[in-house]
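The values are calculated or read from the model by the stated rules, or taken from the named source; none is laboratory data. Predicted, not measured: the structure shown is a model, and the values here were computed from it. Virtual Cβ from ideal backbone geometry, glycine too; neighbours counted across all protein chains shown.
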Amino acid sequence: GVSGTNAHVIIEQAPDIEQQPARQPINGAIPLVLSAKSITALRDQATRLAQHVERDSSSLVNLAHNLLTTRSLFDHRAVIAGTAHDEVLAGLRAVALGITETGVAVDVVREQGKTAIVFAGQGSQRPGMGRELYRSYPVFAEAFDAACASLERHMAVSLRDVIFGEDAELLSKTLYAQPALFVHEVASYRLLESWGVAPSHVMGHSLGEVTAAHVAGLLTLDDACRMIAARARLMQNLPSGGAMVAVEASVQEVQAEGLPDAISIAAVNGPDSVVLSGNESDVAGLMSRWQGRGRRVERLKVSHAFHSALMAPMLAAFQQILDTIAFSSAAIPIISNVTGKKASDEELGQASYWLRHVRRPVQFLDSVRTLREEGVSVFLEVGPDSALAALAERCVVPEDASACAFLSFGRRTQPEVTAAVTAAGALFTHGVDVDLTAIAGATETTFDIGLPTYAFQHRRYWLADSVVAQPEVLQGSVPLADPVESRSLLGRRLLEAGVKDRMNVALETVTTQISSILHLPLAEIDVTKPFSDMGFDSLTGVELRNRLSEMAGIALPPSLVFDSPTPVQLAEHLLAVLLENLAPPSTTTESPVLRPADPVVVVGMACRFPGGVASPEDLWDMVSQGVDAIGEFPADRGWDVEALFDPDPDQPGKTYVRRGGFLDDVSGFDADFFGISPREALAMDPQQRLLLEVSWEAIERVGIDPRSLRRSRTGVFAGAYPSDYMSRLSNPPAELHGYAAIGNVLSVASGRVSYMLGLEGPAMTVDTACSSSLVTLHLAAQALRADECTMALACGMTVMSSPQAFVEFSRQGGLSPDGRSRAFSDSADGTG
């Protein structure tokens, strides 16, 4: 029929069947990843996936594997940590509704900051801590056992039995609490490390700083364990009777008030949170005084008055142990509890520092603010419970806190594996590099499953006759700023940079030149935004090419900004070209290999058809159930149906038919997803819009991340019907000039898909009337057999933007009166 279809198939040479092993932890939670370009799309993605999980009982490992490997990753992210389908469904529904739920992390990637790990101090211990992690993750268990073995050389008990036992009173003794926390935190860090988490800084709260010193490389495991065991033993042997109290007051208020000689400030935990420590009677008096002023006061459950003068009797014996310890250089910067500043190796390597660490107050407030000054925006508390994360958030000025994330690895109220994987997921949602495939873990065969495709967010883009339907989208301006000085010696900079930093150097070079050419502040440059949307034209594109060519010392093509249409893609291309030119010349060349005997197979499909068909499954249901897809003329395309209809086929400008098969929502399009401006979207033929969305879906349905096809030899073959969309505008406004032509020329359609995906195979649009889609399949298969491409996208599309075709066919008497085509039937009476 002529009234509108859109279908795509991907065909390729048949590969050998190979099953890929996936990995699954024994009892661990599985991370399921969703991402989108907006929070609304993310919620819709969650709704779609929840419906899929309800129907499909595939293993969570298989589901996680497919989500991680076959879907593009965008900035709006959610991670659901689940051990069973009901947990996953609850998490997905929470994301869909925008509510909080255990095991769910949702956020948007912001400007990339640094990550700090903060190790908890005494008081966070609990019986059984680490037991679930020990059973679920071999990396945790190995590190746990190694730390226990080293500590037990200095203890008379099995530390593992104390930790995993149920005697809370025994574990609360300093003799066991400090070694137990050290073991738990070291094992937790090693688990995070195996998941790819690499902090830029570490710090601890009191005892936690010893853990920080060990994981940073300052202390070997054995030396750290000797320090911890001695510290715990000597503190335990001190006389009891001390007390500690947390007071809602600033350190300035406390100092102005004055303290008895036997009372010390033990910790400055926030701008209005101070811990006081000393003998029992004086602490009790201070509690009454501050309570009388309406301040919150909390007595801490401790065995001794830590960080006070009552610690003095242990210092001499502790120094004897410290003098036998060999300190190394820290591979990760450590923030000092003693000073609240970044500590040097020289400072940390002195026994006197660790004596002051026992006696002096914990400068937690200053430490957190130092981390912010160092560029840290993600704070991860590592310990068996969550306490420091909330304290750290209060240490950051309120207007700055929204740019940060404060996370906890452990939570007393949650299963350990769920809390740990949720923390890793939260890191991931904030843009921190986390290897979620490592979390998914061990030994199960995985296979591709039919995951839901991307939830495009449609906005209406439809031209009214001679009037712009949405004039507000045609407005907009860009503020100007001073140019930024350009960089030079690019090749040398790349060679001198480490492998991990080279992309940053290339991207910095590109954005600096963009800033200079367009007079834009660097902070306003979105590296994923197309050059055309930034304001680049052919002249400024050539200027950017010329500058980069001069800096790189190589000739770059004039089409540079069209071949690599965003700053990040251009940086990737520039880096690849430079490294290729700097590398030794290759002595081999690639030549086409003909495989005439290889079969060509259809590996994926996506479609839109009349009757609300949005997938191949919908189409099969419609056909198998005999559903009638024929309906009235559409009401959303601006057609005056009553004025058009006349039962007399000889009436000029009329149609004697008012039924047919029409696509739903042809005006809807997710322009933001494809980086297309609203004015360009408005000028685009809806056939091109559908082509973009359904092409993306077809690739996703194969189980391929569409972005992974960039620079691949994938061809696009599109069959199209001549568009009459622009006929709706007799005099397009100036704002649409430059968009109207490329948005409505058939030949552009296939190239637009290739451009969007960064493909390097042939791109061809054909119009052979009703046979166009069949011809594209033929051409695609032919190109595969001739090795002109390795994979091909074959497409067919028709959208009736105006009723003109019905008017023309009416005058010819070529329309089926009821809108139904009966091809190859004796009762055929026209096209529908």
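Within the range 333-363, track down each residue that is in a helix (DSSP H, G or I) and of a type in the set (Val, Ile, Thr).
If the condition is that a residue be in a helix (DSSP H, G or I) and of a type in the set (Val, Ile, Thr), then 358 is the only one that fits.
Do we have residue 696 as in contact with a Pro (Cβ under 6 Å, 6 or more places away or on another chain), touching a residue at least 24 places away in the same chain (Cβ under 8 Å) and within 30 Å of residue 759 (Cα to Cα) here?
It is true that residue 696 is in contact with a Pro (Cβ under 6 Å, 6 or more places away or on another chain), touching a residue at least 24 places away in the same chain (Cβ under 8 Å) and within 30 Å of residue 759 (Cα to Cα).
Of the residues making up the range 44-71, those that are of a type in the set (Asp, Glu) and either free of Cβ contacts under 8 Å to residues at least 60 places away in the same chain or over 25 Å from residue 757 (Cβ atoms) (or both) are 54, 56. Scanning the range 799-832 for residues that are touching a helix residue (DSSP H, G or I) at 6+ places or on another chain (Cβ under 7 Å), part of a loop (DSSP other than H, G, I, E, B) and of a type outside the set (Gly, Ala, Ser) yields a count of 2.
Could we say that residue 576 is buried (at least 20 other Cβ atoms within 10 Å of the Cβ), under 28 Å from the mean Cα position of the chain (by Cα) and in a helix (DSSP H, G or I) here? For residue 576, the condition - buried (at least 20 other Cβ atoms within 10 Å of the Cβ), under 28 Å from the mean Cα position of the chain (by Cα) and in a helix (DSSP H, G or I) - is not met. Would you say residue 332 is closer than 30 Å to residue 390 by Cβ and of a type in the set (Val, Ile, Thr)? Yes, satisfied. If you take the residues in the range 648-660 that are part of a loop (DSSP other than H, G, I, E, B) and either modelled with pLDDT of 90 or more or among the basic types (Lys, Arg) (or both), which one is nearest to the chain's Cα centre (by Cα)? This residue is 658. Against the list (1) assigned to a loop (DSSP other than H, G, I, E, B); (2) in contact with a helix residue (DSSP H, G or I) (Cβ under 7 Å, 6 or more places away or on another chain), the condition residue 318 fails is (1).
Mind listing just one residue for me: the one in the range 82-109 that is hydrophobic (A, V, I, L, M, F, W, C) and part of a strand (DSSP E or B) and, of those, modelled with the lowest pLDDT?
The qualifying residue modelled with the lowest pLDDT is 108.
Answer with yes or no whether residue 826 is farther than 17 Å from residue 655 by Cβ, free of Cβ contacts under 8 Å to residues at least 40 places away in the same chain and of a type in the set (D, E, K, R). Steps first, please.
Details: farther than 17 Å from residue 655 by Cβ: yes; free of Cβ contacts under 8 Å to residues at least 40 places away in the same chain: yes; of a type in the set (D, E, K, R): yes.
Here the answer is yes, as residue 826 does meet what is asked.
In the range 760-783, which residue that is closer than 27 Å to residue 563 by Cβ and either among the polar types (S, T, N, Q) or without any contact (Cβ under 8 Å) to a residue 12 or more places away in the chain (or both) is surrounded by the fewest Cβ atoms within 10 Å (Cβ to Cβ)? Before the answer, list the steps.
Going through the range 760-783, the residues closer than 27 Å to residue 563 by Cβ turn out to be 760-767, 776, 779-780, 782-783.
So of that shortlist, the ones also either among the polar types (S, T, N, Q) or without any contact (Cβ under 8 Å) to a residue 12 or more places away in the chain (or both) come out as 765, 776, 782.
On the way: 765: 23, 776: 27, 782: 13.
The residue in question is 782.
Summed over the range 110-138, residues that are assigned to a helix (DSSP H, G or I) and either surrounded by 17 or more Cβ atoms within 10 Å (Cβ to Cβ) or not assigned by TED's automatic domain parsing to the domain that holds residue 388 (or both) total 4.
State whether one or more residues within the range 210-230 are among the charged types (D, E, K, R) and under 22 Å from residue 340 (Cα atoms). Talk me through it step by step, then tell me what you get.
Going residue by residue through the range 210-230, those that are among the charged types (D, E, K, R) are 222-223, 226.
Now restrict to residues that are under 22 Å from residue 340 (Cα atoms): none.
No, the range 210-230 contains no residue that is among the charged types (D, E, K, R) and under 22 Å from residue 340 (Cα atoms).
Could you look through the range 669-714, keep only residues that are farther than 18 Å from residue 742 by Cα and over 26 Å from the mean Cα position of the chain (by Cα), and pick out the one that is surrounded by the fewest Cβ atoms within 10 Å (Cβ to Cβ)? For the range 669-714, the residue satisfying everything is 713.
Scanning for something in a loop (DSSP other than H, G, I, E, B), at pLDDT 70 or above and closer than 29 Å to residue 731 by Cβ, does the range 507-530 turn up at least one residue? Give the steps one after another, and end with the answer.
Within the range 507-530, the subset in a loop (DSSP other than H, G, I, E, B) is 519-521, 525-530.
Imposing the further condition that a residue be at pLDDT 70 or above reduces the set to 519-521, 525-530.
Then drop every residue that is not closer than 29 Å to residue 731 by Cβ, which leaves 530.
Among the residues of the range 507-530, at least one is in a loop (DSSP other than H, G, I, E, B), at pLDDT 70 or above and closer than 29 Å to residue 731 by Cβ, which makes the answer yes.
Only residues that are basic (Lys, Arg) and closer than 29 Å to residue 694 by Cα: list them for the range 777-832, please. Correct list: 785, 820, 822.
The number of residues in the range 672-720 that are touching a Cys at 6+ places or on another chain (Cβ under 9 Å), in a loop (DSSP other than H, G, I, E, B) and not basic (Lys, Arg) comes to 1.
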